[in-house]
Amino acid sequence: MPEVAIIGVGCTNFRGRHPDKTYFELAFDAAKAAFEDAGIDKADVGAAVYGIYNDFFQRQYQPDAFVHDYLGLPPIPAVRVNTGGATGGSALRIGYAEVASGLYDIVLVLGVEKCADCFDYFTKNPVPEVLRAILYTSDMTYDNPIGRTAASGFALAVLAHMQKYGGPTEEQMAKVSVKNHGNALKNPRAQSGMKITVDDVLKSPKIVDPFKRLDNCLYTEGAAAVVLASRRKVAELHPKKPPIWITGLGAALDWAFPGNRESIAEFHGCRLATKKSYDMAGITDPLEQFDLAELHDAFTGTELMSYEDCMFCEPGEGGRLIDDGTVWPGGKLPVNLSGGLIGCGHAVGATGLMQTSEIVWQLRHEAGARQAPNARRGLVQSIGGTLCAWTVSLVLERMD
């Protein structure tokens with residue numbers, strides 16, 4: 001019997017920049033929406049978990065303390081989580097543990113990022129320092145000096161996968177971009193809704209082989225929040241909206257140095273975290289048992305590899321699912337109806353919580369034009385770090 005439910009979610013618009021908002025004002029907007037959605041007051045919250053990835057983005061060390069102040073939550077305890085692109089999912093995992101352990105009946109989990117303020121103002125033509133800030137989370141002995149970025153790191157894995165399995169092809173990756181940018185057109189919170197073609201993607205400027213510009217997500221400013229509650233508290237509150245239960249949860253931290261891995265052609269940590277969540281939730285046939293999924297598509301090739309890591313298909317067959325329509329809207333298992341990171345945007349600390357909010361709206365049948373019919377069970381996947389070092393997998397179900 002699941003013991004932890006999501007009773008409220010809130011999410012700001014994901015935009016290239018919110019010039020009128022500080023990071024703690026964005027956090028406030030998401031928390032306020034989540035509290036209203038849950039039908040609770042901040043006084044009901046026993047603890048908070050904050051997902052904030054990069055101090056440089058906010059130009060502030062320990063920004064969680066200022067978020068906590070602005071939300072008016074002192075003196076309740078709070079903790080900050082940072083696991084790269086998996087930060088939002090990891091924050092949810094810690095919040096889940098605090099509720100499931102019996103420490104608290106209600107926990108706020110909130111992610112926020114304000115990366116567009118990260119500029120170098122000392123040059124004649126200021127340029128974003130976002131990539132430089134991210135490089136500080138890579139290995140400072142080898143990776144950083146040679147300038148390896150997130151894109152080049154993931155490109156290595158995709159190229160290794162291509163070499164081992166013969167795919168995915170660049171055309172299949174382009175279809176992921178077309179799908180996710182198109183899905184974002186139906187999401188009013190999304191940054192990058194676009195109607196594009198495969199040819200548009202293939203002709204966009206190359207970033208690093210095999211990724212073109214339209215194969216990449218954009219960094220984004222935004223915040224998202226989730227309110228978790230114990231089974232006892234759900235019974236006491238009688239929420240007006242159906243609680244969405246966390247029935248499966250898995251996590252893994254793979255080798256940080258890719259050379260320590262047996263292979264970089266697969267994301268072993270992703271597969272391990274997913275299997276843990278499936279075992280906990282009783283998932284034996286994900287393609288049949290899930291109604292939709294939100295997967296971490298920082299790059300198109302990563303989404304295709306995730307089809308395999310999430311066991312929607314056999315290794316090397318991810319491209320088939322984008323070719324045959326399985327993962328498109330109206331397909332057997334639509335993926336990233338929110339637009340994903342590519343279409344909605346990647347506000348790193350908030351991304352996993354945005355994905356979770358999308359699944360909650362879908363399972364409550366509140367997703368409007370992008371609604372998956374009769375959705376009852378969904379999957380959220382958060383991955384981050386060099387070549388997916390961190391992974392969190394979350395199974396969500398509506399059980400009324």
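The values are calculated or read from the model by the stated rules, or taken from the named source; none is laboratory data. Note that the coordinates shown come from a computational prediction; the quantities given were computed from them, not determined experimentally. Neighbour counts run over all protein chains shown; Cβ positions are idealised from the backbone, glycine included.
Would you check which residues across the range 245-280 are hydrophobic (A, V, I, L, M, F, W, C) and closer than 30 Å to Lys233 by Cα and list them?
Applying the first criterion (hydrophobic (A, V, I, L, M, F, W, C)) to the range 245-280 yields 245-246, 249, 251-253, 255-257, 264-265, 267, 270, 272-273, 280.
Residues satisfying the conditions are Trp245, Ile246, Leu249, Ala251, Ala252, Ala273, Met280.
So that you can scan it fast, the table gives a plain yes or no per residue for (1) in contact (Cβ under 8 Å) with a residue 12 or more places away in the chain; (2) touching a helix residue (DSSP H, G or I) at 6+ places or on another chain (Cβ under 6 Å); (3) of a type outside the set (D, E, K, R):
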| position | (1), (2), (3) |
| --- | --- |
| Asp20 | no, no, no |
| Glu25 | yes, no, no |
| Gln60 | yes, no, yes |
| Phe66 | yes, yes, yes |
| Asp69 | yes, no, no |
| Gly88 | yes, yes, yes |
| Tyr96 | yes, no, yes |
| Ala100 | yes, no, yes |
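Would you say Val201 is among the β-branched types (Val, Ile, Thr) and in contact with an Asp or Glu (Cβ under 7 Å, 6 or more places away or on another chain)? Before you say what the answer is, go through the steps one by one.
Details: among the β-branched types (Val, Ile, Thr): yes; in contact with an Asp or Glu (Cβ under 7 Å, 6 or more places away or on another chain): yes.
Yes.
Could you tell me how many of the residues in the range 334-357 are touching a helix residue (DSSP H, G or I) at 6+ places or on another chain (Cβ under 8 Å), part of a helix (DSSP H, G or I) and within 18 Å of Leu92 (Cβ to Cβ)?
Of the residues in the range 334-357, 11 are touching a helix residue (DSSP H, G or I) at 6+ places or on another chain (Cβ under 8 Å), part of a helix (DSSP H, G or I) and within 18 Å of Leu92 (Cβ to Cβ).
Going through Ala43, Ala30, Ala65 one at a time, which residue ends up being modelled with pLDDT of 95 or more and crowded, with 18+ Cβ neighbours inside 10 Å? If you could, list the steps in order and put the result at the bottom.
Details: Ala43 fails: crowded, with 18+ Cβ neighbours inside 10 Å; Ala65 fails: crowded, with 18+ Cβ neighbours inside 10 Å.
Exactly one residue qualifies, and that residue is Ala30.
Tell me the residue from Pro329, Pro373 that is touching a helix residue (DSSP H, G or I) at 6+ places or on another chain (Cβ under 7 Å), surrounded by fewer than 23 Cβ atoms within 10 Å (Cβ to Cβ) and either touching a residue at least 60 places away in the same chain (Cβ under 8 Å) or not in a helix (DSSP H, G or I) (or both), please. Write out each step before concluding.
Numbers: Pro373 fails: touching a helix residue (DSSP H, G or I) at 6+ places or on another chain (Cβ under 7 Å).
The unique qualifying residue is Pro329.
Out of (1) in a loop (DSSP other than H, G, I, E, B); (2) in contact (Cβ under 8 Å) with a residue 40 or more places away in the chain; (3) more than 19 Å from Phe14 (Cα to Cα), what's the single condition that is false for Pro188?
(3)
Could you identify the single residue in Leu341, Leu292 that is buried (at least 22 other Cβ atoms within 10 Å of the Cβ) and either at pLDDT below 95 or farther than 23 Å from Arg213 by Cβ (or both)? Quick ask: steps written out before the conclusion?
Working: Leu341 fails: either at pLDDT below 95 or farther than 23 Å from Arg213 by Cβ (or both).
It is Leu292.
Modelled with pLDDT of 95 or more, of a type outside the set (Ser, Thr, Tyr) and within 29 Å of Ala225 (Cβ to Cβ) - does that describe any residue in the range 163-178?
yes
Every residue in the range 78-94 that is more than 16 Å from the chain's Cα centre (by Cα) and surrounded by 15 or more Cβ atoms within 10 Å (Cβ to Cβ), please. Before the answer, list the steps.
If we filter the range 78-94 for residues that are more than 16 Å from the chain's Cα centre (by Cα), which is where we start, we get 78-80.
Hits for the range 78-94 are Ala78, Arg80.
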